[in-house]
Amino acid sequence: MAFGEPNGGLSKEKKIDHLIAAVANSQATFLRNGDEHPAKKASAHLKFKYSRAKNMFWFFGPSKAISAREFIEKICTKSSSTGRPYQIRLSDKTVVPLGAWLTKELIKIEAPRMQAKK
């Protein structure tokens with residue numbers, strides 16, 4: 001479904017949109033291949049990688065909807081050109097792997113829906 005899953009939760013696409021927006025609104029610094037990038041530029045880069053990956057038959061398979069977890073694992077964890085891990089420097093100067101940070105954000109997105117199911 002375009003606007004939600006049958007259980008009333010967010011669609012896979014909407015979850016990914018939320019994750020990209022979380023990066024854009026984070027005020028954190030994105031560390032990619034030894035360079036620092038502001039949050040808005042980082043979100044644009046992830047959106048670009050996602051749009052390219054969706055069109056690659058060999059990457060996700062034919063007409064397969066990409067889950068938010070696949071988005072994190074296959075697109076947001078490392079550079080496809082160098083293999084170096086993506087990191088994010090938070091406002092408190094803590095540096096964490098971007099994949100781990102996004103996984104925590106995904107849990108926040110899914111938590112209210114999981115509570116509603118109980």
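Values in this text are rule-based calculations from the coordinates and carry no lab data. Here the structure is a predicted model, which is why all the values come from computation and not from measurement. Cβ coordinates were reconstructed from backbone atoms using ideal geometry, including for glycine residues, and neighbour counts include every protein chain displayed.
The modelled label-to-label distance for the pair H18/R89, using points 7 Å beyond Cα in the direction of Cβ, is 2.9 nm. Averaging sequence separations of C-alpha pairs under 8 Å and six or more residues apart, then dividing by the length of region 12-112, give the relative contact order as a whole percent. Over region 12-112, the number comes to 32 percent.
Under a 5 Å amide H cut-off, with hydrogens placed 1.01 Å from N, L10 pairs with E5 among residues at least 5 apart or on other chains.
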